[in-house]
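Let me begin by presenting the structure, written as structure tokens, before commenting on it.
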Amino acid sequence: MGKNIIKAGFLAVLILSAGAVQAADTMKKGLETAIFAGGCFWCVEKDFDHVKGVVETTSGYTGGIILNPTYRQVTAGRSGHYEAVEIKYDPKVVTYKQLVEVFWRTVDPTDGGGQFCDRGQSYAPAIFAKSPEQQKIAEMSLAALKKSGVLKRPIRTPILKAAKFYPAEGYHQNYYKKNPIRYGFYRQSCGRDARVKEVWGKQAYQGVDKK
């Protein structure tokens, strides 16, 4: 009888575990995906992790010409890929339009040659639309931004059709959490926040929405 009780308990644990996994999968249903390139993906990941409604962010590469690119290939400029972040979000909490607005205000949209201290095509900003609807929303947002006259130089950020997204190497994921001191030093020395403030002034995104 003792063995039967142990077996029953073990089965109960398995059932509860399976239920937890199923519940997690259910929670993920209904999520949508956005992809933005805004220079160093460590920084883009951190900025969007603070947005209410964003469930998950993944650093990676997209838009290039080779399969399964490595960080070295991308940063060397031989692959045609951008450093980008794939964002899973709950559209009932935050809209794609709102995410695009956050994106604009966390980068320098007028710099098409890279972002901040990071230069080259792999660090250039871009919006990767995953559907005609996202394309339309992004284009309308871009048109409104141009019309507003907030930015003093021409916008050099393209809106592109989403290509295959390749997650970056594991050590890049959540880098700002794993290596806060190194990340903080990099972000400050690269001048990202200072330049965003210079470009956007009081309209710069402060990264505190989730709180």
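The table below gives the values:
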read-out	value
Residue count for region 58-85, restricted to those that are within 13 Å of the chain's Cα centre (by Cα), under 24 Å from residue 194 (Cα atoms) and open to solvent by 10 Å² or more (accessible area, probe 1.4 Å)	1
Residue 180 being touching a residue at least 12 places away in the same chain (Cβ under 8 Å) and surrounded by fewer than 16 Cβ atoms within 10 Å (Cβ to Cβ)	no
Matching residues in region 69-80 - criterion: being assigned to a loop (DSSP other than H, G, I, E, B), more than 19 Å from residue 161 (Cβ to Cβ) and at pLDDT 95 or above	70
Boolean, residue 136 is closer than 20 Å to residue 48 by Cα, part of a helix (DSSP H, G or I), modelled with pLDDT of 95 or more and of a type in the set (Lys, Arg)	no
Scope region 149-162; condition surrounded by 18 or more Cβ atoms within 10 Å (Cβ to Cβ) and farther than 13 Å from residue 109 by Cα; matching residues	162
Cβ-Cβ under 7 Å pairs, at least 6 apart or on other chains, region 105-129 side part of a helix (DSSP H, G or I), far side surrounded by 24 or more Cβ atoms within 10 Å (Cβ to Cβ) and of a type in the set (Ser, Thr, Tyr)	122/82
Some residue of region 169-177 being among the polar types (S, T, N, Q), at pLDDT 95 or above and closer than 14 Å to residue 36 by Cβ	no
Qualifying position, being assigned to a helix (DSSP H, G or I), open to solvent by 30 Å² or more (accessible area, probe 1.4 Å), among the basic types (Lys, Arg) and under 21 Å from residue 57 (Cα atoms), among 88, 97, 146, 197	97
All positions within region 132-143 that are touching a helix residue (DSSP H, G or I) at 6+ places or on another chain (Cβ under 9 Å) and open to solvent by 70 Å² or more (accessible area, probe 1.4 Å)	133, 140
Some residue of region 194-203 being of a type in the set (D, E, K, R), without any contact (Cβ under 8 Å) to a residue 24 or more places away in the chain and within 23 Å of residue 94 (Cα to Cα)	yes
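The values are calculated or read from the model by the stated rules, or taken from the named source; none is laboratory data. Computed from a predicted structure; not experimentally measured. Backbone-built Cβ (ideal geometry, glycine too); neighbour counts: all protein chains shown. For the accessible areas, the whole protein counts, side chains as well, though only heavy atoms, and no ligand, DNA or RNA atoms are used. Shrake-Rupley method; radii C 1.70, N 1.55, O 1.52, S 1.80 Å.
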